[in-house]
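Notes for the one structure printed next.
The values are calculated or read from the model by the stated rules, or taken from the named source; none is laboratory data. These figures come from a predicted structure and were not determined experimentally. Reconstructed Cβ throughout: ideal geometry from the backbone, glycine too, with neighbour counts over all protein chains shown.
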Amino acid sequence: MASILILTHEFDEFAAAEYLIKGCFAPWQQMGHRVRVSNGLPSTIDADVVVLHTDLTVVPKDYVEFAAQYPAGVNRSAVDIRKRLVSRFQVRPDDDWTGPVIAKSDFNSGGLLERHHNWMAFVRNKPPPSPSSQVFTSYPIYASKSEVPDAIWSDPGLIVERFMPERDEQGYWVRFWIFFGDAGRCNRICGPDPIVKGANMIAREPAPIPEVLRAERERLGFDYGKFDFVVHEGQVVLLDANRTPTGAAAISDYQTREAAKLALGINGFLGKKANARRR
């Protein structure tokens, strides 16, 4: 039996949110493991494996340092998921790209979580964890970079990328690779509009995992999370990397089965823990 610690930020609302990792709790407990959630930094290091699950785009330094003390850890290297670091297709004003472009927030979830954390810090009379963040939840698409407003180019909280959609006669597609260690699944969904969400989904089907994404996962230091991507004219385009994905866990037989499969990914980290102790 092992002890698994889910390390959340003191301003996260972990109990209220539908985080995907919650679906792993019951399978882990059925395996005989103990699962504990820490809302903020605990006073003692009492776990075999720590899952760094602070819901901010950039993990605060004190959380990174605390997680480093455990025998094994999940996502201890995935500490910065700003889109300017994730993206391979960022466009700048002087680039020679002449195709369509899309503007988006540099922050995960459009900066909404940073705003919540800053508000919680204000209420508790503490320094804001993300003072430079801002909220930008839209995804404006422009026919070319010359149409992008100067306000977007000059805003350090926004980035502009090539707009490279995956499209066929059904509509627009986006793919999701959800993984935990060696376990995972990949699907793609279709919608009628360029920005595909679950709310406008009209089709869903399994999809293969491109090898190039495995390399991107290594580059970004991800052990657990969700990658959103498309395949545009044969080219894989990573749109977003999220280390704290949400999803209505265990609300259906399908979700329960998939959560049980994903939970098996913890086994590789338990092996690392055992090796660390032997050394």
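Odds and ends about this structure:
- Members of the stretch 55-71 that are in contact with a strand residue (DSSP E or B) (Cβ under 6 Å, 6 or more places away or on another chain) and not hydrophobic (A, V, I, L, M, F, W, C): Tyr70
- From Val123, Val148, residue being farther than 30 Å from Pro210 by Cα, more than 24 Å from the chain's Cα centre (by Cα) and loosely packed, with under 14 Cβ neighbours inside 10 Å: Val123
- The listed residues are Asp80, Asp94, Asp62, and the only one of them that is over 23 Å from Leu213 (Cα atoms), under 22 Å from the mean Cα position of the chain (by Cα) and without any contact (Cβ under 8 Å) to a residue 24 or more places away in the chain turns out to be Asp62.
- Taking the listed residues Ala103, Ala15, Ala68, the one that is free of Cβ contacts under 8 Å to residues at least 60 places away in the same chain, within 26 Å of Val230 (Cα to Cα) and hydrophobic (A, V, I, L, M, F, W, C) is Ala103, with no other qualifying.
- Taken together, the residues in the stretch 28-68 that are β-branched (Val, Ile, Thr) and closer than 10 Å to Ile6 by Cα amount to 6.
- Extreme residue, farthest from Ala17 (Cα to Cα), among residues of the stretch 94-111 that are surrounded by 15 or more Cβ atoms within 10 Å (Cβ to Cβ) and out of contact with any Leu (no Cβ under 9 Å at 6 or more places or on another chain): Trp97
- Boolean, Ser144 is assigned by TED's automatic domain parsing to the domain that holds Pro100, of a type in the set (Ser, Thr, Tyr) and touching a helix residue (DSSP H, G or I) at 6+ places or on another chain (Cβ under 9 Å): no
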